[in-house]
Amino acid sequence: VIDSWRGVRPALHYSVSPENIVGNHCTDTLPCLDTLVKSGKNRMKLRAHSNFYWNEACNDWALAFTDFDIECESKAKNLASFKLAERLNKNILKQAA
């Protein structure tokens, strides 16, 4: 992917499904689309953007892409991006300790 951007820093569009659509899901575990659909969740509704990035496992996954800029796809973009940046800073401090 990085090579296909020909020297330009790639962008990662990041969104998570709304928590009210996913249901009572642990915030420290990545949701599985196939499992959610098999449990009766509507695939199209799962593609909607949440207000915030409520799933910390997803956040850590997205923040692992250090060679990408992250474009926040959420309803509350500014607030969600600030919380995601706080998570990144916490992760950096943990790694430095």
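The values are calculated or read from the model by the stated rules, or taken from the named source; none is laboratory data. These figures come from a predicted structure and were not determined experimentally. So basically every Cβ, Gly included, is an ideal-geometry build from the backbone, and we count neighbours across all protein chains shown. These accessible areas exclude ligands, DNA and RNA; they are computed on the full protein's heavy atoms, side chains included. Shrake-Rupley method; radii C 1.70, N 1.55, O 1.52, S 1.80 Å.
Condition check: closer than 29 Å to Gly7 by Cα and over 13 Å from the mean Cα position of the chain (by Cα). Does Ile21 satisfy that?
Working: closer than 29 Å to Gly7 by Cα: no; over 13 Å from the mean Cα position of the chain (by Cα): yes.
Spelling it out, it is not the case that Ile21 is closer than 29 Å to Gly7 by Cα and over 13 Å from the mean Cα position of the chain (by Cα).
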Exercise for the section: Kindly indicate which of Asp3, Asp67, Asp60 is surrounded by fewer than 10 Cβ atoms within 10 Å (Cβ to Cβ) and at pLDDT below 95. Expected result: Asp3
Fill in the blank from the handout: Within the stretch 59-97, the count of residues that are touching a residue at least 40 places away in the same chain (Cβ under 8 Å) and outside any helix (DSSP H, G or I) comes to 9
Exercise for the section: Just name the residue that is farthest from Ser81 (Cα to Cα) out of those in the stretch 1-13 that are assigned to a strand (DSSP E or B) and in contact (Cβ under 8 Å) with a residue 60 or more places away in the chain. Expected result: Ala11
Practice task
Report, by residue number, each residue of the stretch 14-51 that is open to solvent by 80 Å² or more (accessible area, probe 1.4 Å), among the hydrophobic types (A, V, I, L, M, F, W, C) and not in a helix (DSSP H, G or I).
Solution key: Leu30
